[in-house]
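Peer 1: Before anything else, here's the structure in question.
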Amino acid sequence: MTDVTVTPASSGGALHGKEGPHGVAQARRLFDPEILGHAAVDALRKVADLRAQAKNPVMFVVLIGTVVTFIEAIAHPGIFTWSITIWLALTVWFANFAEAMAEGRGKAQADTLRQMRSATEARRLRPDGSEERVLASALVKGDTVVCEAGDVIPSDGEIIEGVASVDESAVTGESAPVIRESGGDRSAVTGGTKVLSDRIVVRITAEPGKTFIDRMIGLVEGANRHKTPNEIALTILLAVLTIVFLPVVVSLQPFGQFSGATISVVVLIALLVCLIPTTIGALLSAIGIAGMDRLVQRNVLAMSGRAVEAAGDVQTLLLDKTGTITLGNRMASRFVGVGGHSEQEVADAAQLASLSDETPEGRSIVVLAKERFDIRQRDLGQHTFVPFSASTRMSGIDLGSRQIRKGAGEAVKTWIVEQGGSVPADLDAVVEDISRAGSTPLVVADGADVLGVIELKDVVKQGIREKFAEMRGMGIRTVMITGDNPLTAAAIAQEAGVDDFLAEATPETKMELIRAEQSGGKLVAMTGDGTNDAPALAQADVGVAMNTGTTAAKEAGNMVDLDSNPTKLIDVVEIGKQLLITRGSLTTFSIANDVAKYFAIIPALFAATYPQLDSLNVMRLHSPADAVLSAVIFNALVIVALIPLALRGVKFRPSSAASILRRNVFIYGLGGIITPFIFIKLIDMILVALHAY
Amino acid sequence: MGFFLTIVVLVAALALAWRYLGSYMAAVFEGRVHWMAWVERPLYRLLGTSPEHEQSWKRYAGALLVFSAVTVLFTYLVLRLQGSLPLNPQHLGGLSPALSWNTAVSFVTNTNWQNYGGETALSYLSQMTLVVQQFLSPAVGIAVAIALVRGLSRRKAATVGNFWVDVTRCLLYILLPIAFLAGIVYVAQGGVQTLAGPVHIHDMLNGVTQTIARGPIAFMTSIEQLGTNGGGFLNANAAAAFENPTGLTNLLDIFLLLCIPFSLTYTFGKMVGSRRQGAALLAAMVLIFGVWVGFTSYAEHQPNPAVAAAGLRHQPTGNMEGKEVRIGDTSTALFGVASTQTSTGSADASYDSFNPIGGFGLLSGIMLGEETPGGTGSGLYTMLLFAVIAVFIGGLMIGRTPEYLGKKIQAREVKLAGFAILIMPITVLVLTALAVSVHAGRVGPLNGGPHGFSEILYAFTSQANNNGSAFAGLSGNTAFYNTLGGLAMLIGRFAIMVPVLALAGSLGEKEVVPTGLGTFRTDNAMFVGLVIGSIILVGALTFFPAVSLGPIVEQLSHGRFFG
């Protein structure tokens, strides 16, 4: 008995999310020159919108400071005053430029999607059955439309009649057509996709302007982006830090006077801008937008930023066995005879029973029988195929009076007994053995006679075990969800290395599991596609609906995976974490920068009154004016320098919290203290070289 | 006693206190200690409350504010009317309204800033009224800390405890017994405890009459230190022999003022179910405290630069100006750091006479916000505020919504903790700026230039931190400084306590997220480092410009750091 080697057609390619960006129109490079140009102009437009500026307290203070120095520069012109004014203005512009850059790629994609939407015409059915041509935008919920080969489906809907192959590449980027048919879990169609063959009647399920494409446009554009809970918390912290530096700087004026020093307003504003956390303040919204964008590049649409953040917090992942942990299809791996029947007898009957079975399992049985015993398709004579039905849980073929069936153990046993036959004594042992090994037994019967068992083996995806080990290292528990019996489930769980499994899962038990995890304070993520997954998707903290799934599922979840690849849940978690890490790291960096700025500006402030404070001028900056200007220039340029990091996100390697923290504290905390010392000195040297004064 | 031996004995004694007093305090607040039930029960009946009757954070804060307002008013009236009240052997008149206000607020807020000379201005009744506050104010501070700990340890709870019960238990089971025992030691060592008035000695030789102040000093000293109050009976505080007669009492002073603030971290660990969590906070406290002791002791062990400038190049000891010879330079510095970093403010020397950089050691210790280990209760809750901020930034860096002890730190918590941490520096800077800008403020300091600036800055830093330590040199008993100082003390106390209680309420309502490998650890060296980093960074960023203009520039005027 040799196992047949199974060659997976496509072995979970997206496991590492390495396939290039595709779908959602053609994605551009992060620093596409065209996006750069647009962003530069958009940034100016943003600055003009004062109400939007006020929402970012840190940068708003910089903006006000710029206005004050500008007035001061007009009143008392001088190279120093003007230089400070210009660099402060640049600081504001850089911040808005960062945000515009983050939005840029999404905007470009939204434009493409918009073109796709506007061009469509629909063939609406009147109540009497006749057709009329209307614009897609005129369709309302409940309308029925007809689509034939070559037509673009005008809006989101449910197929109520017919079956068709549909090209969904416009939405998913996947060029292979998919089958859509009425009834069941494959009945949903998306507006903007194209019917390639046959004719379908679609009932529209979306109001105009609220279709999937519309939502996608809104999402990639970030049009109605709300601040996420964590972003709000961070904004508050930054506001508090900004508020505290106001008295620090303002009080310097009376302190200086008491000490006999006069300090110019411009220098005080320069100090204030250097102290408040402008770096993170400028990049905060760009980081959030870029995080969403990174998901879009992986073909995942998050309905809210909140969901992306929650993904970073997830502690329990519920993963469907099929398609996520194992390759979608089970493969026949051997035949076992029972009750004295030979392997070959089983193979022969099994192949006959599977000839019309178009499922991958069925095909694999035919292939195995051919490979093992060279049994080929033959002339069948008079025959009727018996398709699988949920009530009999068997399929097979009737050859004249001969009834060959294959199906689940219990179902076949019941059938045999009904036929007046008897079940061989060794059947149960064989079935149990196969189950325990994690495979699925299919019992084959010829009339009232049980011939044997086919073993259908689940093939665990390559690399998934390592992935789960990584997850465990990150403190995330993985739970496999399967409809298999507990024996089979345990064996596969063992092989795949998941922490736990839920066997014989029903929508109810799934829901119970989510509730149990959540009542322990854990955040749960899951994927789902069927209508019966909808309640669980809604209950989960992160529910990723497959795009191939039903409308109900898509509406219940808070993310949609356009590739319908359940493994991507793992990527989603990583992106969520990366988003938070980027924010935290840049905040640390921003605050740590202040140390060097103090050492640059404080000695400069009081150089005239207390020359002895020059010993604090550890960078040996050339002159007080140079020192202040160098700090301000550094403060502005560091924003530009960090835009790529903000948009790409801090490098994330799955590992334990402790090691991630150590790494980031080292790079962004310690680095944040040291970096400005080096660069402020460098800028000072350049200024001296330029003889700016 | 040698400096080194002092440290060894102190560390050993504090280690024992941490373990056993800490655990005992947890038992007290969890209602497992009953040996004074015969007083406790009737008291609750009198107050119309019971331990079962818990309060929401708002009610808890309300009770605290009402209680504090009543005690301020009561103390104010006693001080104003002391001339007509009994126990006044010296027939002293009432204090001015501004001074009464400042003093009443000062003792109710655990500050003990004293703009009066105890022996020359207050009757015994007034002194004893202040002693009552020296018991009540640490009890209130500890109650708030315990409420916050409950918020962290409970899940989905609507209440944070009962204010009246917490204060009563703290008084009956912790402060009164320890203060009583310590008081006996002071008396045994020669501390004065009497209600007889001062002694007048006629010095025949010089033909003058000298007045030697006496009073119920010893027991006041014990609660003064234990409750991190710092207000002594005599103007010279612990530098006077009647308050601090021997080397042993000097050591006892330091032990008492450190024992509760440090031990509360154990209490915290025990109440949240993980001693390691408490040990982490202790480590952060000890590391900062230790560095400051080393720094300041070293600074004071250096010659006095002003004396050196006067020509005395060779000085055999450290800076001994303004210090007691029997205590010495380094031990005085230890006392000073212990007193300034516990918000006690008692003194066994003149801090004004410290070397500039030694004075910086004291001043900067207060500027860090009083959590290393800080005052009784206030030290723990301030430390927890920094822990919340450290958790927030550190937690983000590992890619999870930050959580502390399983409680998610979100917008509301960041807002409350941020506000509570930053109200102090803002108050100090604004009031100092005001003082140096107006005439009434500018005439206050004894010295001009940077040292004068340090004196004003020190005064407001001390009061806004409820420390009470005085740099001296500032004529604080003016309507201007009394009024403004009172305001600083009120803000420094209640503008922090109320958000802390709100934080307790907000955390208590939350679900506890289970910990795992992905959880940000708050009981390891990395976390201790982050907390220390947050404390130093907030302190440095807010006060660097101000101290540059005070002690730093003054020290640099003498050439260089350290002598």
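The values are calculated or read from the model by the stated rules, or taken from the named source; none is laboratory data. Just so we're clear, the structure is a prediction, and the values are computed from it rather than from any experiment. All Cβ positions, glycine included, derive from the backbone under ideal geometry; neighbour counts span all protein chains shown. With ligands, DNA and RNA removed, areas are computed over all heavy atoms of the protein, side chains included. Shrake-Rupley method; radii C 1.70, N 1.55, O 1.52, S 1.80 Å.
Peer 1: Could you list, in sequence order, the residues of the range B:493-522 that are free of Cβ contacts under 8 Å to residues at least 24 places away in the same chain and not hydrophobic (A, V, I, L, M, F, W, C)?
Peer 2: B:G516, B:R521
Peer 1: Testing B:S462 on (1) more than 12 Å from chain A (Cβ to nearest Cβ); (2) not in a helix (DSSP H, G or I), one condition comes back false. Which one is that?
Peer 2: The failed condition is (2).
Peer 1: Looking only at the range A:64-86, which residues are open to solvent by less than 60 Å² (accessible area, probe 1.4 Å) and either touching a Leu at 6+ places or on another chain (Cβ under 8 Å) or not in a helix (DSSP H, G or I) (or both)?
Peer 2: A:G65, A:T66, A:T69, A:G78, A:F80, A:S83, A:I84
Peer 1: What strands (runs of 3 or more DSSP E), lying completely within the range A:308-416, carry at least 1 residues that are in contact with a Pro (Cβ under 8 Å, 6 or more places away or on another chain), among the hydrophobic types (A, V, I, L, M, F, W, C) and farther than 30 Å from A:K227 by Cα?
Peer 2: Here the list reads A:326-337.
Peer 1: Which residues, taken from the range B:429-441, are more than 7 Å from every other protein chain (Cβ to nearest Cβ) and open to solvent by 10 Å² or more (accessible area, probe 1.4 Å)?
Peer 2: Answer for the range B:429-441, where residues must be more than 7 Å from every other protein chain (Cβ to nearest Cβ) and open to solvent by 10 Å² or more (accessible area, probe 1.4 Å): B:L431, B:L434, B:V438, B:H439, B:A440.
Peer 1: Also, I was wondering about something else. Out of B:G379, B:G369, report the one residue that is open to solvent by less than 10 Å² (accessible area, probe 1.4 Å) and either in a loop (DSSP other than H, G, I, E, B) or in contact with a helix residue (DSSP H, G or I) (Cβ under 8 Å, 6 or more places away or on another chain) (or both).
Peer 2: Every option except B:G379 fails the conditions.
Peer 1: Ok, one more. For the range B:522-543, how many residues meet the condition of being within 18 Å of A:F599 (Cβ to Cβ) and either among the aromatic types (F, W, Y) or more than 11 Å from chain A (Cβ to nearest Cβ) (or both)?
Peer 2: Total satisfying the criteria: 2.
Peer 1: Let me ask you something else. Return the only residue of B:F480, B:F494 being open to solvent by 10 Å² or more (accessible area, probe 1.4 Å), under 21 Å from A:Q257 (Cα atoms) and more than 14 Å from chain A (Cβ to nearest Cβ).
Peer 2: Answer to the selection: B:F480.
Peer 1: Could you list all residues from the range A:655-684 that are touching a residue at least 60 places away in the same chain (Cβ under 8 Å) and more than 30 Å from B:V528 (Cα to Cα)?
Peer 2: Of everything in the range A:655-684, those that are touching a residue at least 60 places away in the same chain (Cβ under 8 Å) and more than 30 Å from B:V528 (Cα to Cα) turn out to be A:I680, A:K681, A:D684.
Matching residues to (1) modelled with pLDDT of 95 or more; (2) crowded, with 18+ Cβ neighbours inside 10 Å:
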site: B:S106; (1), (2): yes, yes
site: B:N115; (1), (2): no, yes
site: B:Q133; (1), (2): yes, yes
site: B:V140; (1), (2): yes, yes
site: B:V167; (1), (2): yes, yes
site: B:F180; (1), (2): yes, no
site: B:H202; (1), (2): no, no
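Peer 1: For A:E466, work out the one condition from (1) surrounded by fewer than 20 Cβ atoms within 10 Å (Cβ to Cβ); (2) of a type in the set (D, E); (3) out of contact with any Gly (no Cβ under 8 Å at 6 or more places or on another chain); (4) not in a helix (DSSP H, G or I) it doesn't fulfil.
Peer 2: (4)
Peer 1: Listed residues B:L256, B:L195; which is in contact with a Leu (Cβ under 9 Å, 6 or more places away or on another chain) and not in a loop (DSSP other than H, G, I, E, B)?
Peer 2: None of the other options fit; the residue is B:L256.
Peer 1: Quick check, is A:A493 within 14 Å of chain B (Cβ to nearest Cβ), small (G, A, S) and over 25 Å from A:I217 (Cβ atoms)?
Peer 2: No, not satisfied.
Peer 1: If a residue has to be more than 8 Å from every other protein chain (Cβ to nearest Cβ) and either of a type in the set (S, T, N, Q) or more than 26 Å from the chain's Cα centre (by Cα) (or both) to count, how many in the range B:544-563 make the cut?
Peer 2: The total comes to 7.
Peer 1: Further, regarding this structure: Which one of these is at the interface with chain A (Cβ under 9 Å from one of its Cβ atoms), more than 26 Å from A:I476 (Cβ to Cβ) and not hydroxyl-bearing (S, T, Y): B:I393, B:I389?
Peer 2: B:I389
Peer 1: Pick out the one residue from B:L501, B:L487 that is within 22 Å of the chain's Cα centre (by Cα), more than 14 Å from chain A (Cβ to nearest Cβ) and surrounded by fewer than 23 Cβ atoms within 10 Å (Cβ to Cβ).
Peer 2: From the options B:L501, B:L487, the qualifying one is B:L487.
Yes/no per residue for (1) open to solvent by less than 20 Å² (accessible area, probe 1.4 Å); (2) hydrophobic (A, V, I, L, M, F, W, C):
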| position | (1), (2) |
| --- | --- |
| A:D428 | no, no |
| A:I454 | yes, yes |
| A:T482 | yes, no |
| A:L487 | no, yes |
| A:A505 | no, yes |
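Peer 1: Could you go through the range B:68-89 and let me know if any residue there is closer than 17 Å to B:G117 by Cα, at pLDDT below 95 and of a type in the set (A, V, I, L, M, F, W, C).
Peer 2: No, that holds for no residue.
Peer 1: Would you confirm, using the coordinates I've provided, whether A:Q403 is of a type in the set (S, T, N, Q), more than 19 Å from A:L487 (Cβ to Cβ) and crowded, with 16+ Cβ neighbours inside 10 Å?
Peer 2: Yes: the conditions hold for A:Q403.
Peer 1: Continuing with this model, one more query. Does A:R648 qualify as being open to solvent by 40 Å² or more (accessible area, probe 1.4 Å), in contact (Cβ under 8 Å) with a residue 60 or more places away in the chain, closer than 30 Å to A:R472 by Cα and basic (K, R)?
Peer 2: Answer is yes for this residue.
Peer 1: For B:L195, state whether it is touching a Pro at 6+ places or on another chain (Cβ under 9 Å) and either open to solvent by 80 Å² or more (accessible area, probe 1.4 Å) or among the aliphatic types (A, V, I, L, M) (or both).
Peer 2: yes
Peer 1: Scan the range B:508-518 residue by residue and report those that are facing another protein chain (nearest Cβ under 7 Å) and either modelled with pLDDT of 90 or more or within 21 Å of B:K270 (Cβ to Cβ) (or both).
Peer 2: The answer is B:V512, B:P514.
Peer 1: Out of A:V300, A:V346, A:V314, which single residue is within 30 Å of A:I397 (Cβ to Cβ), among the aliphatic types (A, V, I, L, M), modelled with pLDDT of 85 or more and surrounded by 24 or more Cβ atoms within 10 Å (Cβ to Cβ)?
Peer 2: A:V346
Peer 1: Name the one entry in B:G230, B:G278 that is part of a helix (DSSP H, G or I), touching a residue at least 24 places away in the same chain (Cβ under 8 Å) and buried (at least 24 other Cβ atoms within 10 Å of the Cβ).
Peer 2: B:G278
Peer 1: Moving on. Quick one: in the range A:507-523, which of the residues that are aliphatic (A, V, I, L, M) and away from every other protein chain (no Cβ under 14 Å) is surrounded by the fewest Cβ atoms within 10 Å (Cβ to Cβ)?
Peer 2: Filtering the range A:507-523 for residues that are aliphatic (A, V, I, L, M) and away from every other protein chain (no Cβ under 14 Å), the one surrounded by the fewest Cβ atoms within 10 Å (Cβ to Cβ) comes out as A:M511.
Peer 1: Select from the range B:407-426 the residues that are open to solvent by less than 10 Å² (accessible area, probe 1.4 Å) and more than 7 Å from chain A (Cβ to nearest Cβ) and write down the one among them that is nearest to the chain's Cα centre (by Cα).
Peer 2: Per the stated criteria, the residue is B:A420.
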